[in-house]
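Please read the structure below before turning to the comments.
The values are calculated or read from the model by the stated rules, or taken from the named source; none is laboratory data. Quick caveat: nothing in here was measured; it's all calculated off a predicted structure. Neighbour counts run over all protein chains shown; Cβ positions are idealised from the backbone, glycine included. The area values use the complete protein model at the heavy-atom level, side chains included, leaving out ligands, DNA and RNA. Shrake-Rupley method; radii C 1.70, N 1.55, O 1.52, S 1.80 Å.
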Amino acid sequence: MIKLRSLRIILYIAYILFSRLTSCQSKHFVPKMNVTEMLMLGDDVHGFNFNEEQLVKYIDRGPYFDTTATKNVTSLVGKTGHLNCRIKNLGNKTVSWIRHRDLHLLTVSESTYTSDQRFTAIYNKQTGDWSLQIKYPQIRDSGVYECQISTTPPVGYTMIFSVVEPITTIPGGPELYIDLGSTVNLTCIVKHLPDPPLMVHWTHNNQEINYDSPRGGVSVITEKGDITTSYLLIQRAQISDSGKYSCLPSNANSKSVYVHILNGDHPAAVQRGNMFVGLSFNALILLMIIAHI
């Protein structure tokens, strides 16, 4: 039964193609079915009643891109990036990757056509994805890349690859001068991360800060998002609180600042008065709660 069914489909397709060649007709069709649906065309209790219009649409479609795939990909410097190009009905056509910056042909099928061996084409048979893998990406690798099918004329799907280097800053550094007895607010800002850091650690003189120490009055508030901000708050600053403070995001570079607790000396850079400027509303509420514990 299966062989008879396959034979009927092949004969029917051949008949349609022959009819179209002899009539010299050409028409553009939009696909509304996949291979499984094609095999089930007109399959009812009475046998095979093929729907010619649906079958011709499928035959004429040819390769096309699944445009639901993301066109914008961001990767960290040094972290392998992947540009995924999903293609339907590829048939016997080949897939190439081209870099627009210099129109350089990077890969054809699964072969690399550049001396830069960081670029590799990977084919996933299950999903139909043709991925361009870029190892150890650098800022200079940012730009437009095109996934191209070898039709006549060729058709392409462009993607934007952005390589970013996380930036960690502590405003007011590298030296901060604080009045004795004031509240110290150290703010660590982390930008350009594909995902927020799992943790943001703070150290004092290279030792991780213990927020439950007998000293008390030391807390941290971290707000994660496209920009992650971590606030280290030290109430009733003491001379022993002087030293090097470092902010260490789990997936970004660290940043340090040197804090000097002053007893009577007042350099121009002293931090006092408006030490809570820059804190978000939520952070201020949490600070007020901590202050009353």
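Structural remarks
- The H on the amide N of Ser182, modeled in the peptide plane, is under 5 Å from the matching H of Ala237, each at least 5 residues off or on a different chain.
- J(HN,Hα) series, the stretch 123-130, from Karplus relation 6.51 cos²θ - 1.76 cosθ + 1.60, nearest Hz, glycine and proline x: 10, 10, 5, 6, 9, x, 7, 10
- 1.4 Å probe accessible area per residue over the stretch 167-262, in Å²: 48
- Measuring against 26 Å, Cα to Cα, the residue pairs Lys224/Lys244; Lys135/Lys224; Lys71/Lys93; Lys71/Lys125; Lys191/Lys244 contain Lys135/Lys224 as the ones spanning a longer distance.
- Most tightly packed first, judged by the mean number of other beta-carbon atoms within 10 Å of their residues, the peptides 93-102, 131-140 read 93-102, 131-140.
- Note that the stretch 139-147 has calculated 3J(HN,Hα) couplings of 3, 5, 7, 5, x, 9, 10, 10, 8 Hz, one per residue in order, obtained from phi through the Karplus relation 6.51 cos²θ - 1.76 cosθ + 1.60 (θ = phi - 60°); glycine and proline are x.
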